[in-house]
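The values are calculated or read from the model by the stated rules, or taken from the named source; none is laboratory data. What you see is a predicted model, and the numbers here were worked out from it, not measured in a lab. So basically every Cβ, Gly included, is an ideal-geometry build from the backbone, and we count neighbours across all protein chains shown. Side chains are part of the model used for accessible areas, which takes the heavy atoms of the whole protein and leaves out ligands, DNA and RNA. Shrake-Rupley method; radii C 1.70, N 1.55, O 1.52, S 1.80 Å.
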Amino acid sequence: MKVWRTDPSTNAFRDEAGFAEACDLLAAGKLVAVPTETVYGLAADATNADAVAGIFAAKDRPRFNPLISHLESVEAAMAVGDFGDMAKQLADAFWPGALTLVVGKHSDAAICDLVTAGLDTVALRVPDAPVMRALAEALERPLAAPSANRSGRVSATSADDVAAELGDRVSMVIDTGPCAIGIESTIVDVSGEEPRLLRPGGIARDEIEDVLDRRLAAPTPSAKPIAPGMLTSHYAPRARMRLNAVAINPGEALLAFGDAKIKDLEAAVAIDNLSASGNLREAAANLFRAMRHLDESGAETIAVMPIPNEGLGEAILDRLSRAAAPRDR
Ligand code: TXA
Ligand code: MG
């Protein structure tokens, strides 16, 4: 697995050999791990069914789960999907950024059926990540990219995480440092009458509700497909997770939040604080890194302090409760 380190803060990265190599690999149907502002993505040409099949194989991901396609601009996204008023408003307000929109797919869109799991809707995002956008632009195609981790495991927020998760299953990793947001995009389904929040994420529900001037509904109970991020057990470290801890049991690691005291702190074998000042944005950015760090301590259980269910707290609690859910593996 090749690693290309680059600085995306100026356009100069487009002239580096690594960029041309990433383009060639993607054009040849290979997998490249590409950083975004949310998490690292495992990218492939969304119009190439063999390439997309490679994503499912590398992640051990069930094939009924569709993927997000990344585009360089709103115009490129509108060429693939059918944007009604709500979709346009949200794209205007939040793209490029950590919002994924589920919209109707144009029947002539070149995205392959494996990306959409055969649905007539498609999940689209224009990320605030210059390298991903530049690759999509150079290839003149959407890039399908789920999070660059094995299915069901903790998402990758650094190139080292990607290497640990996927190793030689990916041809190249592009390293632009840790992800600024650190938690996956918010997914909103605007393909029907009512906007639905399919997955809380990097943009808080109330920001979206403010723009639409209406509430986001829950996913329909029959919502098919089940988003992997909607499966009960997901984002799971090796250690068990225990939420809303008010005391530490012997041998546990502590995932702290804020500066509140916790009982029997001295019993903790390792401690990480998501945000000592109680800032939920900072906590989201640290979440997956901290889960990996505490997992490496070898503790059997990670005790998690209470986290408020407001703003980005909704997305953090969503990930933590899935990480804590009973597992079938
Ligand atoms: O931040 C993110 O969203 C990251 C970065 C790499 O962009 N990507 C990501 O992808 O989290 P992934 O594949 O792990 O999650 C995509 C989610 C899945 O839960 C999938 O089921 C849902 O999007 N999805 C995709 N297409 C859909 C559709 N047509 N209808 C409903 N859900 C869909
Ligand atoms: Mg994922």
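Miscellaneous remarks
- Karplus-derived 3J(HN,Hα), 6.51/-1.76/1.60, for each residue of the stretch 45-62, Hz, glycine and proline x: 4, 5, 9, 10, 4, 5, 4, 5, 4, x, 5, 4, 5, 5, 8, 6, 9, x
- In terms of overall dimensions, the chain has a Cα radius of gyration and Dmax of 19.3, 61 angstrom.
- Expressed in Å, the radius of gyration and Dmax of the Cα atoms of the stretch 133-218 are 16.1, 46.
- Rounded tilt (10° steps) of 85-94 against the dominant C-alpha axis of the chain: 60
- Probe 1.4 Å, protein heavy atoms only - accessible area per residue of the stretch 93-148 in square angstrom: 33
- Placed amide H near Arg153: partners under 5 Å, 5+ positions off or other chain: Tyr235, Ala236
- Considering only Val32, Val52, Val74, the Gaussian network model of the chain with Cα springs below 10 Å gives its largest mean-square fluctuation to Val74.
- Most mobile of Asn149, Asn309, Asn273 in a GNM of the chain (Cα contacts under 10 Å): Asn309
- Equivalent ellipsoid, the stretch 51-140 (semi-axes from 5 times Cα gyration tensor eigenvalues, Å): 21, 16, 12
- Exposed loop positions in the chain were taken to be GluC sites (Glu not before Pro) whose DSSP state is not H, G, I, E or B and which have at most 15 other beta-carbon atoms within 10 angstrom. Between these positions, the longest stretch is 17-139.
- Portion, in percent, of the accessible area of the chain that falls on carbon or sulfur, probe 1.4 Å: 48
- Using every pair of distinct Cα positions in the stretch 282-329, the Kirkwood expression returns a hydrodynamic radius of 11.7 angstrom.
- The equivalent ellipsoid that matches the C-alpha gyration tensor of the stretch 200-329 spans semi-axes of 28, 19, 11 angstrom, in descending order.
- Once backbone amide H atoms are built at 1.01 Å from N, Met241 has Ile302 as its partners under 5 Å, excluding neighbours fewer than 5 places away on the same chain.
- The residues of the stretch 159-281 present an accessible area of 48 Å² per residue when probed at 1.4 Å with all protein chains retained.
- Per-residue SASA remark: Met1, around 80 Å² accessible (1.4 Å probe; ligands, DNA and RNA not included).
- Cα-only Debye scattering, the stretch 228-284: base-10 log of I(q)/I(0) at q = 0.19, 0.27, 0.29 Å⁻¹: -0.79, -1.15, -1.20
- Seen against the Cα atoms of the chain and their longest principal axis, helix 313-324 is set at about 70 degrees.
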